[in-house]
1. Out of A202, A243, A146, I need the residue that is in contact with a helix residue (DSSP H, G or I) (Cβ under 6 Å, 6 or more places away or on another chain), assigned to a strand (DSSP E or B) and of a type outside the set (V, I, T). Which one?
2. Any residue in the stretch 170-187 that is closer than 21 Å to Q273 by Cα, hydroxyl-bearing (S, T, Y) and out of contact with any helix residue (DSSP H, G or I) (no Cβ under 6 Å at 6 or more places or on another chain)?
3. Is there any pair linking a residue in the stretch 202-227 that is over 15 Å from Q251 (Cα atoms) and at pLDDT below 95 to one that is of a type in the set (G, A, S) and crowded, with 20+ Cβ neighbours inside 10 Å, with Cβ under 9 Å and at least six apart or on different chains, and which?
4. Which residue is surrounded by the fewest Cβ atoms within 10 Å (Cβ to Cβ), if the candidates are limited to the stretch 176-220 and must be among the polar types (S, T, N, Q) and touching a Phe, Trp or Tyr at 6+ places or on another chain (Cβ under 8 Å)?
5. Kindly provide the set of residues from the stretch 36-67 that are crowded, with 22+ Cβ neighbours inside 10 Å and of a type in the set (A, V, I, L, M), ordered by number.
6. Could you check V261 against (1) in contact (Cβ under 8 Å) with a residue 40 or more places away in the chain; (2) in a strand (DSSP E or B) and say which number it fails?
7. Scan the stretch 150-169 residue by residue and report those that are loosely packed, with under 12 Cβ neighbours inside 10 Å and either closer than 23 Å to V98 by Cα or polar (S, T, N, Q) (or both).
8. Mind checking which pairs have a first residue in the stretch 229-246 that is surrounded by fewer than 17 Cβ atoms within 10 Å (Cβ to Cβ) and a second that is assigned to a loop (DSSP other than H, G, I, E, B) and hydrophobic (A, V, I, L, M, F, W, C), Cβ under 7 Å, 6 or more apart or different chains?
Amino acid sequence: MGRFGCTVLLMLTGFCAARGEGVDSVGRSLLGVPVVFYGQETSWGFGASGGYYFGSPSGPTSSVMGMAVGTLRRQARVAVSPRVYVRGGSGLLSGRFVVSHYPDRVFGLGPRSSDVAEGYTLRSVLAHVEWQQRVLADGLMVGIQARGAAFGYAQVVDGGLVDSLANMQPGCRSVGLGLLVLFDRRDNRFWPTNGEFVKMSAMRYGRLVGSSFGATRIGVDARYFVGMQRGGVVWAGQLLVDAVVGQLPFQDLPMLGGADVLRGYYSGRYRDQAMLCLQTELRFNIYKRLRGVTFVSAGGVAPSLFEVSVLKWVGGAGLRLRANDAGVHLRADVAINAAGRFGFYFTAAEAF
């Protein structure tokens, strides 16, 4: 999920969607909450988030959520995220619409990119829409997706790293259409104790639909959860695969780092044409609503999946405080990477 936008939206879900996905409900509600978060890319961030919830007796709760946040590093983002169920929950229309102003750092391409970062400011507009249709009763859905993004850059050093990257020029656009397959048998969307989740995605970007470059992108997100009989212990595992054949704007390339993927590394610290990441967590009860987590992750980037050989390792631990009965938790993590550097994160919802 992109940097801090999605976690803030999930924080709203945690406080407001007490009914949760998959729970029958009737009626409508309009709710809002303040949000606070922290990450090494953003420092402390603050803002507000709100949601309009509506449902029917025969289906799960639909929602339209929005947020506006800013950080101490003068980053700002406004986002709207609809999630609308139709036909008693057999069809799902979802999307994400984001406008951001984001002072950031770039390290270059590849698994051995420079440790010396160059600063710049990213200005972007993103729209991503998915339609999913259930085809089997046990959680299998298929669908189509469309994505468009435009990127602009400011405060760029003349002749520097940003200036030298051909796919990081002002006005770069990525526009694509694709297919997706989703299999979800988790017992809870926010804090699963058993079940599987697999999402496979294929997207084609081309100049005919307005993209600056042509490329094909394939992605896999596979998760598995096993609950133990005692102590509320849950083992969770995730495999992430993201590969691009062709060329995309720099900001759209597969990457590692951040609060959800290879915690302990700066978000986007490593980027290339392909990314592979394995993550595992052990989740356990401590006292009432307080829970603990230990985690280990390994991932790498390369020009292709077959060339991923340099893996970056991280490990860490964290605390969780259950925010409501839907299973959403406030999250505080500390991670240490292979270079001995620490990353600290305070947000909502799990990394996976």
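The values are calculated or read from the model by the stated rules, or taken from the named source; none is laboratory data. The model shown is predicted, which means the values in this text are computed figures rather than measured ones. As a convention, Cβ positions derive from the backbone with ideal geometry for all residues, glycine included, and neighbour counts pool all protein chains shown.
1. Values: A202 fails: in contact with a helix residue (DSSP H, G or I) (Cβ under 6 Å, 6 or more places away or on another chain); A146 fails: in contact with a helix residue (DSSP H, G or I) (Cβ under 6 Å, 6 or more places away or on another chain).
Matching residue, one of A202, A243, A146: A243.
2. If we filter the stretch 170-187 for residues that are closer than 21 Å to Q273 by Cα, which is where we start, we get 170-180.
Narrowing further to those that are hydroxyl-bearing (S, T, Y): 174.
Pick out the ones that are also out of contact with any helix residue (DSSP H, G or I) (no Cβ under 6 Å at 6 or more places or on another chain) and you get none.
The answer is no, given that none of the residues of the stretch 170-187 is closer than 21 Å to Q273 by Cα, hydroxyl-bearing (S, T, Y) and out of contact with any helix residue (DSSP H, G or I) (no Cβ under 6 Å at 6 or more places or on another chain).
3. Taking only residues 6 or more apart or on different chains, the pairs are G206/G176; G206/A215; V209/G176.
4. If we filter the stretch 176-220 for residues that are among the polar types (S, T, N, Q), which is where we start, we get 188, 193-194, 201, 211-212, 216.
Next, from what is left, pick out any that are touching a Phe, Trp or Tyr at 6+ places or on another chain (Cβ under 8 Å): 193-194, 211, 216.
On the way: T193: 18, N194: 13, S211: 24, T216: 16.
Here the answer is N194.
5. M65, M67
6. Result: V261 passes all but (2).
7. A154, Q155, S164
8. Partner pairs satisfying both residue conditions: G246/F213.
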